[in-house]
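Q: Take this structure, written in structure tokens, and hold onto it; I'll ask about it next.
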Amino acid sequence: MARLSGRQKNMPNLQSQIALENVPKHIAIIMDGNGRWAKQKGMPRVLGHRSGVKSVREVTEAAAQIGVQYLTLYAFSTENWNRPPAEVTALMTLLVETIKGEIRDLNKNGVRLVAIGELSSLPSATYKTLMQGIEETKNNTRITLVLALNYSSKWELTQATRLIAEQVQAGTLKPEDISETTIETMLATRGIPDPDLLVRTSGEARLSNFLLWQLAYAELYFTPVFWPDFGKNELYEAILSYQKRERRFGQTSEQVDQKSS
Ligand code: FPP
């Protein structure tokens, strides 16, 4: 039997407190703090990202186990190209290594991999491995792991606007027929339900150009924990916090109560 660490021994069994009928269908995560985690330990930033991969694995498995259907991870933003070139290269290499190394386990665990972002501008090795991962896991149904790569909301909304303008110009779409659904079908996330819960690690409380349209009604959860220290118990804590909230979608408390009774 696996030995429990001191911290785990003192931890209440968080998983058992989760109401399985109210698990968020879609959780989106801004994985932040890899660099600071490494610095605190006197290690190079890249080792922070490597440790972050362990959290990706643990959180994906824990999310699947409790019935989360979609998990979206902000792995590389459009703005991340501005980092030192060596760090960008290391991140791209890490992505290739991780996807290659995890395909078997993704399949074993029923994880379907998909990606959102301007993927064609990724380095060719990253792009190829990503496409291979997506192809080889496409029939899995337990959970969908969405990697946001070279993604930003402003890029996505600009693309959507361009597509709509092209259709209007071609005469296949009338301006008066443009609805929220029209826009949704032009987004990179088409077919994926909006996140119910957004988690950001490392104590920062901002959205950083991530899923701005899709997060309109998401519950936001910010934790000081750095991403490499975010594991299954931290995920359960986020879900328990979500389950204590009342989602009103613009209605009054009384209306929400009436609907659920
Ligand atoms: C933010 O921490 C993290 C990133 C920009 C990259 C996240 C990437 C991984 C966890 C590894 C690869 C992921 C997958 C899905 C295989 P930061 O560097 O901004 O930390 P800091 O704010 O402390 O500097």
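Q: Solvent-accessible area per residue for the chain at a 1.4 Å probe radius, Å²? If you can, show how the numbers build up before the last one.
A: On the way: 14190 Å² over 261 residues.
Spelled out: the 1.4 Å probe surface of the chain, per residue, equals 54 Å².
Q: Taking only complete DSSP H runs, can you tell me which helices of the chain stretch 15 Å or more along their own long axis by Cα positions and average at least -1.0 on the Kyte-Doolittle scale? Before the final figure, lay out each step's value.
A: Details: long enough: 45-66 (32 Å, -0.17); 85-108 (35 Å, 0.18); 124-136 (18 Å, -0.48); 153-170 (25 Å, -0.41); 232-243 (16 Å, -0.62).
Result, helices passing both filters: 45-66, 85-108, 124-136, 153-170, 232-243.
Q: Taking the mean number of other Cβ atoms within 10 Å as a proxy for protection, how do you rank 248-254, 54-60 from highest to lowest? Provide the component values of the computation, followed by the final result.
A: On the way: 248-254: 9.1, 54-60: 19.6.
Final packing ranking: 54-60, 248-254.
Q: Could you tell me whether the chain comes out rounded, prolate or oblate from its Cα gyration tensor? Rule is a ≥ b ≥ c as square roots of the eigenvalues, rounded for a/c under 1.5, then prolate if a/b exceeds b/c, otherwise oblate. Present the calculation step by step, with values, prior to reporting the outcome.
A: Values: a/c = 1.69, a/b = 1.13, b/c = 1.50.
Since a/c reaches 1.5 but b/c is at least a/b, the shape of the chain is classed as oblate.
Q: Continuing with this model, one more query. I want to check a number: in the chain, how many lysine pairs have alpha carbons closer than 24 Å, given a sequence separation of 8 or more or different chains?
A: 28
Q: How much length is gained if the chain between SER121 and GLU58 is pulled fully straight, taking 0.36 nm per residue apart and subtracting their Cα-Cα distance, in nm to one decimal? Could the numbers behind the result be given before it?
A: Numbers: separation 63, 0.36 × 63 = 22.68 nm, distance 2.89 nm.
My answer for the length gained is 19.8 nm.
Q: Ignoring ligands, DNA and RNA, what percent of the 1.4 Å accessible area of region 12-59 is carbon and sulfur? Don't jump to the answer; show the numbers that get you there.
A: Numbers: 1350 of 2550 Å².
With neighbouring chains kept in place, the figure for region 12-59 is 53 percent.
Q: Among 106-113, 87-94, what's the highest-first ranking by average C-beta atoms within 10 angstrom per residue?
A: Values: 106-113: 17.8, 87-94: 16.2.
Ranking the peptides 106-113, 87-94 by packing returns 106-113, 87-94.
Q: Here's something else I'd like to know. Quick one: pull the percent of accessible area on region 95-171 belonging to carbon and sulfur, 1.4 Å probe, ligands and nucleic acids left out.
A: Values: 2010 of 4040 Å².
In region 95-171, the share of accessible area belonging to carbon and sulfur is 50 percent.
Q: Right, next: Taking the mean number of other Cβ atoms within 10 Å as a proxy for protection, how do you rank 225-236, 15-26 from highest to lowest? Working shown, then result.
A: Details: 225-236: 21.3, 15-26: 13.8.
The peptides rank, most packed first, as 225-236, 15-26.
Q: How high is the relative contact order of the chain, given as a whole-number percent (alpha carbon pairs under 8 Å, six or more residues apart)?
A: Numbers: 366 pairs, mean separation 70.9, N = 261.
After rounding, I find 27 percent.
Q: Further, regarding this structure: Subtract the Cα-Cα distance of LYS108 and ASN22 from 0.36 nm times their separation in residues, and report this length gain in nm to one decimal. Could you put the intermediate results ahead of the total?
A: On the way: separation 86, 0.36 × 86 = 30.96 nm, distance 2.60 nm.
Taking 0.36 nm per residue and subtracting the Cα distance, the gain is 28.4 nm.
Q: Additional query: Hey, what did region 35-142 get for relative contact order, percent, Cα under 8 Å, at least 6 apart? If you can, show how the numbers build up before the last one.
A: Details: 73 pairs, mean separation 25.8, N = 108.
This gives 24 percent for region 35-142.
Q: Could you pull the Cα extents of region 53-93 along its three principal axes, largest to smallest, in whole Å?
A: Extents along the principal axes: 38, 18, 11 Å.
Q: Hey, can you grab everything whose amide H is under 5 Å from the amide H of GLY33? Only 5+ residues off in sequence or another chain; H modelled, so Pro and N-termini drop out.
A: The answer is TRP227.
Q: Between THR141 and GLN251, with labels modelled 7 Å along Cα→Cβ, what's the label distance in nm to one decimal, could you check?
A: About 3.1 nm, to one decimal.
Q: Which part of region 202-216 falls in the paramagnetic zone of LEU157, meaning amide N under 15 Å from the point 7 Å along Cα-to-beta-carbon?
A: Under cut-off, by backbone N: 207-216.
Q: Let me ask another. 7 Å from Cα along Cα→Cβ at both VAL88 and LYS41: what's the point-to-point distance in nm?
A: About 2.7 nm, to one decimal.
The values are calculated or read from the model by the stated rules, or taken from the named source; none is laboratory data. The model shown is predicted, which means the values in this text are computed figures rather than measured ones. Heads up, the Cβs are rebuilt from the backbone with ideal geometry, glycines too, and the neighbour counts pull from every protein chain shown. The accessibility values were calculated without ligands, DNA or RNA, using every heavy atom of the protein model including side chains. Shrake-Rupley method; radii C 1.70, N 1.55, O 1.52, S 1.80 Å.
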